[in-house]
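Just below is one structure, and these are the notes that go with it.
The values are calculated or read from the model by the stated rules, or taken from the named source; none is laboratory data. Since the model is a prediction, treat every value here as computed from it, not as a measurement. Here the Cβ positions follow ideal geometry from the backbone for every residue, glycine too, while neighbour counts run over all protein chains shown. Accessible surface is based on the protein model in full, side chains and every heavy atom, while ligands, DNA and RNA are left aside. Shrake-Rupley method; radii C 1.70, N 1.55, O 1.52, S 1.80 Å.
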Amino acid sequence: MTDKQIKRYQRLSQFAGLAMLLFGAVAAFDWLGAIVVFGTVSVTQIFTGLGVLTGVLSRWASQQLPSAKPPSIPVGPVAILLLALGLMVSAGCKGAGWRALDATQNARDLTAKQLASAVATKHAECKKAHGVKTEAFAACIKKHRAALDSWIKIARPVINDSIAITAAALQIADKVGKKANWIDLLKPAACAISRSVKAFGHYFADKAAGVLSALSLIDGVTCE
Amino acid sequence: MISGIAGAVGILIKVVADAMGEPVADVQKRVLARIEADAADPTDETDTEAAAIDADLPSG
């Protein structure tokens, strides 16, 4: 193999290797949601495919070289550095806010479901013990009915408003390329769920742990 | 060797990406769809139960 051929294969291996890293990094960033412009999975798949193709090309070119003449650019360490940096940036970007919103909606729905279920059980007990349309029935169900009221009229509207405002802030931040302070905006929702669970979570009996577990998934948002 | 390292990095990316869960675009779509649904109908199971209790309460 002539020196000219060796140089040609070295360059091909280096450039194909770097192109593979570039495509891989774009795919990883897009997949993690850090690149707002590419919002679809198909874009991730295209860049992953390009990364694989250029990776194969890089490998083929390096296999043509004599073992004493490897490509001079240290593609491996550069790759690790670039991708570690990319993953760190990606992890701290918009994904966290949307995942926290998703977790908040789940915690809200679970709280509503457990409350309704607990009150339905009490409702049936009161009905069986006192009949319906009686003062004794009204007294029996009073606290549970009040818990429903506090959820429907106070907690749930706050939670839904906080979720909608946070989502809007995240979308606006995406459009203008700025960071949204979603933790502060989502706090009222997390606190309303937390306070509700504290106020009537004892009605849930053994199901309260599930609601608390759902609450713990709202990463980064704490209610003092 | 270089292609081996690059391959290992690729696998590492895939593992990290998989570990981080569902793609953000999918989460975003689901969250927004639920917000729209909530805006159209904010009720849940608690409203049904409240109505059932109210129907069984004495009038007045």
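Points worth noting:
- Computed from backbone phi with θ = phi - 60° and the Karplus coefficients 6.51, -1.76 and 1.60, the 3J(HN,Hα) list for the stretch A:186-200 is 8, 4, x, 5, 4, 5, 5, 5, 4, 5, 4, 5, 5, 6, 10 Hz; x is used for glycine and proline.
- Within 10 Å of the Cβ of each residue in B:30-37, the mean number of Cβ atoms contributed by other protein chains is 5.
- Mean Cβ neighbour count within 10 Å, used as a protection proxy, ranking A:107-115, A:7-15 highest first: A:107-115, A:7-15
- Shielding of peptide A:157-168 by partners, expressed as the average count of other chain Cβ atoms within 10 Å per residue Cβ, is 2.
- Between residue A:7 and residue A:161, residue separation times 0.36 nm minus the direct Cα-Cα distance comes to 49.2 nm.
- Efficiency of FRET between residue A:46 and residue A:142 - r from beta-carbon atoms, R0 51 angstrom, step 0.05: 0.25
- Within 10 Å of each Cβ in A:95-108, the average number of Cβ atoms from other chains: 4
- Under 12 Å, Cβ to Cβ, from residue A:211 - net charge with Lys/Arg +1 and Asp/Glu -1: +2
- Couplings 3J(HN,Hα) for the stretch A:164-170, derived from phi with the Karplus relation 6.51 cos²θ - 1.76 cosθ + 1.60 (θ = phi - 60°), are 5, 5, 4, 4, 5, 4, 5 Hz, where x marks Gly and Pro.
- The stretch A:87-182: proportion of alpha-carbon pairs further apart than 18 angstrom, %: 60
- Under Karplus coefficients 6.51, -1.76 and 1.60, residue-wise ³J(HN,Hα) of the stretch A:123-128 in Hz, glycine/proline x: 4, 5, 5, 5, 4, 5
- Cross-link reach is defined here as a Cα-Cα straight distance under 26 Å, omitting same-chain residues fewer than 8 places apart; for residue A:4 the lysines meeting it are A:69.
- Lysines whose Cα lies under 29 Å from that of residue A:133, excluding same-chain neighbours fewer than 8 positions away: A:113, A:122, A:142, A:143, A:153
- Where A:1, A:20 fall by accessible area, highest first, once all protein chains stay in place (1.4 Å): A:1, A:20
- Relative contact order, percent, the stretch A:108-215 [alpha-carbon distance under 8 Å, six or more residues apart]: 34
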